[in-house]
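Trainee: Sharing a structure with you now.
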Amino acid sequence: MVTLDGTRTRIIFAAMKAVRQYGLEGVRIQNVSELAEISPGAIYRHFDGKEQLLAECFTYVDKQAAVIFEGLQFDPQAMLADPMRAVKGLWMPYFRFWTARPDETVFYHRFRDSAFFPRYDKNRDVTYFRTFIGMVSAFKQAFPSLDRINQDLLWLHVLTSTVMYAKYVVEGVLPNSRETEETVFQLLATGLSGYLKPVGPHERSGTENAPL
């Protein structure tokens, strides 16, 4: 769990709620102060301004999402036996993380699509996703065909599509149901299924103990 001091956390959650109400470009520090029930001056004691506040919001949510993978069971042997089941076991908790957090999901989606994100992304530290990166590495060792896909495009597709569909759920466009989860997973999995072909036993050395 990612924790911050109480006032800072209060400001971050108020900022994400404000973005959901007013939009990323339209939100003002005054909007945040009203929702956080503190003065604008108190916000400036914690953040230099709107852009830094929004960047801190994104980092906070990103780290919370990364924690999801820390608590998941990941068995490389089961992955070889039923790769799509293994993918689903990792993806479903991630999707549910977003559908359970309306303000964070709408904020995250809007920030990634904004003019703020490219500047933020240049210095972005994603080491907190090391567990997830280890899982991806294990999949690539077991299924070398994944290397035929442009990795940046692959994970951008999975991330943005997952958050986009979760946003549709929290906005009421899609029902928050098991049927929605299953359908979204099938849409994402269709593009992966052709690449999840395990290597032969003689090529599998080291897969069983792939680092996570």
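Trainee: Can you go through Leu192, Leu187, Leu153 and tell me which one is within 26 Å of Cys57 (Cα to Cα), modelled with pLDDT under 90 and either within 14 Å of the chain's Cα centre (by Cα) or assigned to a helix (DSSP H, G or I) (or both)?
Mentor: On the way: Leu192 fails: within 26 Å of Cys57 (Cα to Cα); Leu187 fails: within 26 Å of Cys57 (Cα to Cα).
Every option except Leu153 fails the conditions.
Trainee: Filtering region 9-48 down to residues that are small (Gly, Ala, Ser) and in contact with a helix residue (DSSP H, G or I) (Cβ under 8 Å, 6 or more places away or on another chain), which residue is nearest to Arg110 (Cα to Cα)? I'd like the intermediate steps shown before the answer.
Mentor: Keep residues of region 9-48 that are small (Gly, Ala, Ser), which gives 14-15, 18, 23, 26, 33, 36, 39, 41-42.
Narrowing further to those that are in contact with a helix residue (DSSP H, G or I) (Cβ under 8 Å, 6 or more places away or on another chain): 14-15, 18, 23, 33, 36, 39, 42.
Working: Ala14: 16, Ala15: 13, Ala18: 12, Gly23: 8, Ser33: 20, Ala36: 21, Ser39: 25, Ala42: 25 Å.
Checking each candidate, the answer is Gly23.
Trainee: Let me ask something additional. Under 7 Å between Cβ atoms, which residue pairs at least 6 apart in sequence (or on different chains) link something in region 174-189 that is open to solvent by 100 Å² or more (accessible area, probe 1.4 Å) with a partner that is in a helix (DSSP H, G or I)?
Mentor: Correct list of pairs: Asn176/Thr99; Asn176/Val169.
Trainee: Being open to solvent by less than 50 Å² (accessible area, probe 1.4 Å) and at pLDDT below 85 narrows it down to one residue among Ala142, Ala166; which is it?
Mentor: Working: Ala166 fails: at pLDDT below 85.
Just a single option satisfies the conditions, and that option is Ala142.
Trainee: Oh, and also: Output the residue which, of all residues in region 65-85 that are assigned to a helix (DSSP H, G or I), open to solvent by 20 Å² or more (accessible area, probe 1.4 Å) and closer than 20 Å to Arg130 by Cα, is modelled with the lowest pLDDT.
Mentor: Residue satisfying both the conditions and the ranking: Glu70.
Trainee: Moving to a separate point now. Any residue in region 53-61 that is part of a helix (DSSP H, G or I) and touching a Pro at 6+ places or on another chain (Cβ under 8 Å)?
Mentor: Narrowing region 53-61 to residues part of a helix (DSSP H, G or I): 53-61.
Keeping just the survivors that are touching a Pro at 6+ places or on another chain (Cβ under 8 Å) gives none.
Scanning region 53-61 turns up no residue that is part of a helix (DSSP H, G or I) and touching a Pro at 6+ places or on another chain (Cβ under 8 Å).
Trainee: When you scan region 128-149, how many residues do you find that are assigned to a helix (DSSP H, G or I) and over 16 Å from Ile68 (Cβ atoms)? Let's see the steps before the verdict.
Mentor: The initial filter retains those residues of region 128-149 that are assigned to a helix (DSSP H, G or I), namely 128-142, 144-148.
So of that shortlist, the ones also over 16 Å from Ile68 (Cβ atoms) come out as 137-142, 144-148.
Residues meeting the conditions: 11.
Trainee: Now, a different point. Considering only region 195-212, state which residues are modelled with pLDDT of 50 or more and either over 19 Å from Trp155 (Cα atoms) or part of a helix (DSSP H, G or I) (or both). If you could, list the steps in order and put the result at the bottom.
Mentor: Just the residues of region 195-212 that are modelled with pLDDT of 50 or more, to begin with: 195-201.
Once the filter is applied, which keeps residues that are modelled with pLDDT of 50 or more and either over 19 Å from Trp155 (Cα atoms) or part of a helix (DSSP H, G or I) (or both), region 195-212 yields Pro198, Val199, Gly200, Pro201.
Trainee: While we're on this one: Cβ contacts < 8 Å: first residue free of Cβ contacts under 8 Å to residues at least 12 places away in the same chain, restricted to region 135-153; second residue in a helix (DSSP H, G or I) and open to solvent by less than 50 Å² (accessible area, probe 1.4 Å), any location; separation 6+ or different chain. Result?
Mentor: Lys140/Leu146
The values are calculated or read from the model by the stated rules, or taken from the named source; none is laboratory data. The structure presented is a predicted model; accordingly, all values stated were derived computationally and were not measured. For neighbour counting, all protein chains shown are included, and Cβ atoms are generated from backbone atoms with ideal geometry for every residue, glycine included. Only protein heavy atoms, including side chains, enter the accessible area calculation; ligands, DNA and RNA are left aside. Shrake-Rupley method; radii C 1.70, N 1.55, O 1.52, S 1.80 Å.
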